[in-house]
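Enquirer: Input: one structure, supplied below.
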Amino acid sequence: MNEFLGIIQHKLHMAVLAFMGIAYVLRIIWLLNFSAARERTLPAGQPAGVVVSSLLAVAKPWTREGSNRNPVFYVQFVLFHLGAAAAISLTYFIPYRPELLKYGLFMRTLQITLGAAFVVGLLRLYRRLAEPSLRMISTPDDYFALIMMTAFYAAALGAISVNSLMMGNGPLWAFFLMAAFFHFYVPFSKIIHYLYYPFTRYYLGKTMGHRNIGNGKISGLS
Amino acid sequence: MNANTHLSGNRLGDPALATAGRIPALLRARINRQTACSMVTCVHCGECAQSCHYALARPHDPFMSPAYKADQIRKIFNRHLDWLGRVFPRWVGAGGKTEETDLSRLKDIVFGTCSGCRRCTFNCPMGVDNAALIRLARGILMEVGVVPQGMSNVCRNQWEMGNQMRVTEEDFIDSLSWVRDEVQYELGVNDVEIGVDKEDCDFIYAVNPREVKYDPRSLINAAKFFYLAGESWTLPRHGWDQTNFGLFSGDDRLGAFMAGNLYQAAARLRAKRIVVSECGHGYRSVRWEGYNWAKHNQTIPTESVIETIIRYLREGMIKVDRSRYRASVTFHDSCNVARYSGLVEEPRWILKQICSDFREMHPNGMNNFCCTGGSGLLVMPEYRDIRLEVAKIKAEQLKTTGADVVCTMCHNCRDGLGDLISHYQLDMKVVQIMDLVAGALILPEKQGS
Ligand code: SF4
Ligand code: SF4
């Protein structure tokens, strides 16, 4: 049993990570195969700063109307993604740095983050099902990715919280098998958006900077 | 079952199917990395619906969400250009067969429920440019001939006549001499010259055909300022129309043709700069998109006449009296000028020189709401009802300012705002910046006093 758990934690995990890495590289090559539109105009502003600002846009909710109108959604967004970071980091901490999980504060932080992310996942699922405009644009992958992430948070929480004497290695098995599936599925799902984000944001920021959009200064005259 | 029934049962030979079948190839030929990024990055979070005036005005209508509109072309991308969508089309929302796409419905979505304002783009956490995707879909429909009649007519005018209002060369020259006489009369001078095809001028001036055909006031104002500033300027005989329905229709070839006419005229006449009259989409087309469409590297400065007027005011080449204009004024930022071209402070700088009661509307600048007449909607009467319905967002915004006058720097916004002001019975007048500058202008004999 423990030997199998070891295989899942180490070998299988490494194999799916390698698969994911290769799939990511192929995805990037595929995207870069589309030729970039060439800019032939003289610049009105400096793109560098705006590109950085564009890349950081996700951390600047005040710049977007949706987040301003519904700050709760932004809080949910943050919790959900912190949950993702926590769950993924556990796939490393549990097999390679288990001593870290003995620190009470660290453990509690992970548990609270994962618990909050799980609740947010359920709320997001409810919203996706209940709001007609969201339902209209939702694909099977949108639902599946959300359900899978939410279940992954629950599994991660289980893996570090459930008394191992009562349930043996069951929660760990569940968590690492889910992690393996998760890493395998990500390249085929919308969860891969974080891979594309820098490209999309880079090009938007570059255009904005080139055109002096949102600079608040009179171009060339001040 | 006879042969004919069999054929119709399979819908073979149906021209609509043949047309829809061309879409993947057209998409493949048009897509670039920037639009591909927008295709793949959307996570269907729905946040963009919070920023679109269509979605805000019709909150219970799920078809108004920007992501839904962009998804109509994204589906085709997923099915034909993304290997995942090719293998599992339903799973990623790639929909049914493209050959069965209802093109008429697609036309109504991309032409009738989006003003291309790009508000959703700047409010998307991922940076997805829905407006660009919708324009891409328009361009493909244009190619297969599924286009609103009004849009098609104006595009044809530009291809055939080089201007959108079918102004002939004789009419153009006639109008210019009338404008010259009017300027001379108003200034009390007799040496005003409005040159056509003059070589080696400081700038070449491009106008909106309505300034020539229906409403010469802004051309008269411009000619007056240029005269007082002692400018050497000219209009080109060909290429004087700065408007560009290639932008609205998504037809980059038309875009290249129209903008290229002007760039070629500037090169032929050895102009040192290009100045574009007050027009949102015209400015955007000439200053930014046109160079890329025409594959023409920009070599000379290209500016809005608003930037020219700022220079005149700063350098004292023309003078204005701020106390003359007593009405309260608010400013409407054209989407093409603010969100696409970055001119936000420029019009405000001028307004602060000429208005004693200037009030910002909220939101403004890059966050302003569209006049609701953008992207050619004013020439597509079949979408007027929904346009005016969703204009309630803009009407509310205008009303809250309590201003007597709304000023803009775009002919199209002027018409769009005028239409909604009369529809919502607001007590407000629409003007353009040049009108206000002309009203505050101190004429030469008074400049010394
Ligand atoms: S376009 Fe942007 S805001 Fe709209 S659903 Fe897609 S990711 Fe969300
Ligand atoms: S570009 Fe403007 S009108 Fe079109 S979907 Fe986006 S916000 Fe709505």
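The values are calculated or read from the model by the stated rules, or taken from the named source; none is laboratory data. Bear in mind that the values here come from a model prediction, so they are computed numbers and not experimental data. Quick reminder, even Gly has a Cβ in these numbers, built from the backbone with ideal geometry, and neighbours come from all protein chains shown. Side chains included, ligands, DNA and RNA excluded: accessible areas come from the protein's heavy atoms. Shrake-Rupley method; radii C 1.70, N 1.55, O 1.52, S 1.80 Å.
This table checks each residue for (1) closer than 15 Å to B:GLY239 by Cα; (2) assigned by TED's automatic domain parsing to the domain that holds B:ASN367; (3) assigned to a loop (DSSP other than H, G, I, E, B).
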residue	(1), (2), (3)
B:GLY282	yes, no, no
B:VAL286	yes, no, no
B:ASN292	no, no, no
B:ILE306	no, no, no
B:ASN336	no, yes, no
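Enquirer: Further question on the same structure: May I ask you to list the residues in the stretch B:218-267 that are of a type in the set (A, V, I, L, M, F, W, C) and either part of a loop (DSSP other than H, G, I, E, B) or under 30 Å from B:CYS114 (Cβ atoms) (or both)?
Expert: Residues satisfying the conditions are B:ALA229, B:TRP240, B:PHE245, B:LEU247, B:PHE248, B:LEU254, B:ALA256, B:PHE257, B:MET258, B:ALA259, B:LEU262.
Enquirer: Quick one: which of B:PRO89, B:PRO62, B:PRO125 is away from ligand 1 (no atom under 15 Å from the Cβ), open to solvent by 10 Å² or more (accessible area, probe 1.4 Å) and not assigned by TED's automatic domain parsing to the domain that holds B:GLU389? Don't jump to the end; show me each part of the working.
Expert: Values: B:PRO62 fails: away from ligand 1 (no atom under 15 Å from the Cβ); B:PRO125 fails: away from ligand 1 (no atom under 15 Å from the Cβ).
One residue alone meets the criteria, B:PRO89.
Enquirer: Looking only at the stretch B:38-52, count every residue that is surrounded by fewer than 24 Cβ atoms within 10 Å (Cβ to Cβ) and within 12 Å of ligand 2 (Cβ to nearest atom) and tell me the total.
Expert: Selection size over the stretch B:38-52: 1.
Enquirer: Could you tell me which residue of the stretch B:301-355 is farthest from the other protein chains (Cβ to nearest Cβ), considering only residues that are surrounded by 20 or more Cβ atoms within 10 Å (Cβ to Cβ) and small (Gly, Ala, Ser)?
Expert: Ranking the candidates gives B:SER334 first.
Enquirer: In the stretch B:117-146, what residues are more than 9 Å from ligand 2 (Cβ to nearest atom), away from chain A (no Cβ under 14 Å) and within 18 Å of the chain's Cα centre (by Cα)?
Expert: Of everything in the stretch B:117-146, those that are more than 9 Å from ligand 2 (Cβ to nearest atom), away from chain A (no Cβ under 14 Å) and within 18 Å of the chain's Cα centre (by Cα) turn out to be B:ALA137, B:ARG138, B:MET142.
Enquirer: Now a separate question. When the stretch B:87-122 is examined, which residues are found to be small (Gly, Ala, Ser) and either farther than 18 Å from B:LEU136 by Cβ or out of contact with any helix residue (DSSP H, G or I) (no Cβ under 9 Å at 6 or more places or on another chain) (or both)?
Expert: The answer is B:GLY96, B:SER104.
Enquirer: Among the helices (runs of 4 or more DSSP H) lying completely within the stretch A:31-105, list those that include at least 1 residues that are within 17 Å of the chain's Cα centre (by Cα).
Expert: A:47-55, A:71-96
Enquirer: Would the stretch A:162-179 turn up any residue that is more than 9 Å from every other protein chain (Cβ to nearest Cβ), open to solvent by less than 20 Å² (accessible area, probe 1.4 Å) and of a type in the set (Ser, Thr, Tyr)?
Expert: Taking every residue of the stretch A:162-179 in turn, none turns out to be more than 9 Å from every other protein chain (Cβ to nearest Cβ), open to solvent by less than 20 Å² (accessible area, probe 1.4 Å) and of a type in the set (Ser, Thr, Tyr).
Enquirer: How about the stretch A:81-122: which of its residues are open to solvent by 40 Å² or more (accessible area, probe 1.4 Å) and within 20 Å of B:CYS45 (Cβ to Cβ)?
Expert: A:HIS81, A:LEU82, A:ALA85, A:PHE118, A:VAL119, A:LEU122, listed by residue number.
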